[in-house]
1. Can you tell me which of (1) out of contact with any helix residue (DSSP H, G or I) (no Cβ under 9 Å at 6 or more places or on another chain); (2) surrounded by fewer than 21 Cβ atoms within 10 Å (Cβ to Cβ); (3) assigned by TED's automatic domain parsing to the domain that holds Thr270; (4) at pLDDT below 95 is the one Pro99 doesn't meet?
2. Among the residues of the range 329-381, how many are crowded, with 20+ Cβ neighbours inside 10 Å and either modelled with pLDDT under 95 or outside any helix (DSSP H, G or I) (or both)?
3. Taking only the range 295-323 into account, find how many residues are in contact (Cβ under 8 Å) with a residue 60 or more places away in the chain and open to solvent by 20 Å² or more (accessible area, probe 1.4 Å).
4. Would you be able to say whether some residue in the range 187-195 is within 16 Å of the ligand (Cβ to nearest atom), open to solvent by 20 Å² or more (accessible area, probe 1.4 Å), within 22 Å of Cys76 (Cα to Cα) and not in a loop (DSSP other than H, G, I, E, B)?
5. Checking the conditions here, which among Ile231, Ile252 is open to solvent by 10 Å² or more (accessible area, probe 1.4 Å), more than 16 Å from the ligand (Cβ to nearest atom) and within 30 Å of Asn81 (Cα to Cα)?
6. Could you tell me whether the range 121-141 includes any residue that is under 12 Å from Phe329 (Cβ atoms), more than 16 Å from the ligand (Cβ to nearest atom), surrounded by fewer than 24 Cβ atoms within 10 Å (Cβ to Cβ) and assigned by TED's automatic domain parsing to the domain that holds Met239?
7. Can you say whether Gly276 is within 16 Å of the ligand (Cβ to nearest atom) and surrounded by fewer than 20 Cβ atoms within 10 Å (Cβ to Cβ), as far as the supplied structure shows?
8. Considering only residues that are touching a Lys or Arg at 6+ places or on another chain (Cβ under 9 Å) and within 15 Å of the ligand (Cβ to nearest atom), which ones fall in the range 162-178?
Amino acid sequence: MNTYEPPIFELSGSGKVGASLPAVGVPTSELPSELLRTDDLQGLPELSETEVVRHFTRISQRNFCIDTGMYPLGSCTMKYNPKIHEEAARLPGFAHIHPLQDEASVQGALRLSYELQQLLAEIAGFDEVCLQPAAGAQGEFAGILVFRAYHLDRGDEQRDEVLCPNSAHGTNPATAAMVGFKVIEIATDARGNVDLADLRAKVGPRTAGLMLTNPNTLGLFDEHVQEVAQIVHDAGGLMYGDGANFNAILGIVRPGDVGFDFMHYNLHKTFTTPHGGGGPGCGAVGCKAFLAPYLPGPIIHHENGQYTRYVPEKSIGRVKSFMGNFGMFVRAYTYIRMLGAAGLREISENAVLNANYLRVKLQDVYPVAYDRPCMHEVVLQGKLKDAPDIHTLDIAKRLIDFGFHPPTVYFPISVAEAIMIEPTETESKQNLDAFIAAMRQIAHEAVETPEVLHAAPTTTPVRRLDEVGAARKPVLKYDRAAIAALRGQAASTDDQIVRPTY
Ligand SMILES: *Cc1c(COP(=O)(O)O)cnc(C)c1O
């Protein structure tokens, strides 16, 4: 029997209203007849305020989020979002301003933006920062456009290739291709670093730049990063830093000091602004002085006590409206100022410690892709002894029944059956131990009761969905028949639920 659930959709009933308007306090006037509707509005839902609130609250409770449980999604740095950020972002002087106001009337907001630019530049070792891009991927797009503008400006027109290691995040090659470059893949060596021999064979006069995530998406710090930068620079190319994994090295390594010319910061990863929810995020970009003239704008300038905006002389143009997503600047600024330099370093030390703790406690059961100390995330493999029919996807789905969001799976694509776990510094030892116990119990079930893993998840409102179908043929609006069909095949009955036992 299904547990009874109150209906979530189809709550409309004729005559119900959720608002009451005051009596008109001004004289009424007739609208010209050609502006009047003649037919009734059809199909609009009629609901009370209570019903609307319950509808959205119930739907929100079906989501797994960082405020309900551990979310060890590798590469995404799903760390706790401190609630003081929300208070800061709601201060009326920040929340109630308009981007078209006079600069003189928003000096405080401009000062905060300027100081955030300075802080980000200092933390990563760059000379100039622009806060405008709305996400890491848009920062990449801005960066590769800047690379192109720089080469063309110097008359260096034959550079039509961008190098990407095969462990790269999908956005790196996608970005290079969108800007019009040919993507050249570089191999990874046995220790998980860029393969220097392959790099030397492929770099040359057509190289516009190399895009590198460091620590990379194998969770490893590239041991030859300076040599990689030297090889690319000697060939006249530029070094793009994908800063998505910056959480591992805050206060320890500055990308600008080890050869990167340009980098994006994911404020929603490293600097705890929310991932989505409340609109776009911020993928600020930083660069060395020689690339600054090409940055998108506006950028904030400070002189004689005044904060003003400017667009660099050879700018690639805007990548987003106005300054970017100001609410995110307030949150990241609050975070950085609360922690200070010593606190930022401690974040990274603890993030790395937590990932290595998981690695050591799980490596006897789940093979580790590259056997050396990791940075802030560890890549395991869902290849279990004596469980040939169990795959990474089964393990990930069963974790949901244990109350954990699954880690990143099947990425990086260069590792078979990859399970990429990033616990972040915001999980306690108790939570890490609970996660370890769940992973070990799942490995045990994989051998003893593999059918449980194949059927997972069993405790969720819907069961294992057709993920390819969801991506290729999404149902994007409410469709009663489609949902009924989905529920019919998807909801667990009580006797199908397999609750975890340790
Ligand atoms: C998240 C991520 C990106 C893209 O960043 P968004 O802010 O999601 O656009 C790029 N590279 C890596 C390695 C990432 O983890």
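The values are calculated or read from the model by the stated rules, or taken from the named source; none is laboratory data. It should be emphasised that the depicted structure is a prediction, and the values quoted were computed from it without experimental measurement. Methodologically, a virtual Cβ is constructed for each residue, glycine included, from the backbone with ideal geometry; neighbour enumeration extends over all protein chains shown. Please note that ligands, DNA and RNA were not included when accessible areas were found on the heavy atoms of the full protein model with its side chains. Shrake-Rupley method; radii C 1.70, N 1.55, O 1.52, S 1.80 Å.
1. (1)
2. The number of residues fulfilling the criteria is 9.
3. Final tally of qualifying residues: 14.
4. yes
5. Details: Ile231 fails: within 30 Å of Asn81 (Cα to Cα).
It is Ile252.
6. No, that holds for no residue.
7. Numbers: within 16 Å of the ligand (Cβ to nearest atom): yes; surrounded by fewer than 20 Cβ atoms within 10 Å (Cβ to Cβ): yes.
Considered against the rule, which asks whether it is within 16 Å of the ligand (Cβ to nearest atom) and surrounded by fewer than 20 Cβ atoms within 10 Å (Cβ to Cβ), Gly276 comes out as yes.
8. From the range 162-178, those touching a Lys or Arg at 6+ places or on another chain (Cβ under 9 Å) are 162-163, 176; that's our starting set.
Selection gives Val162, Ala176.
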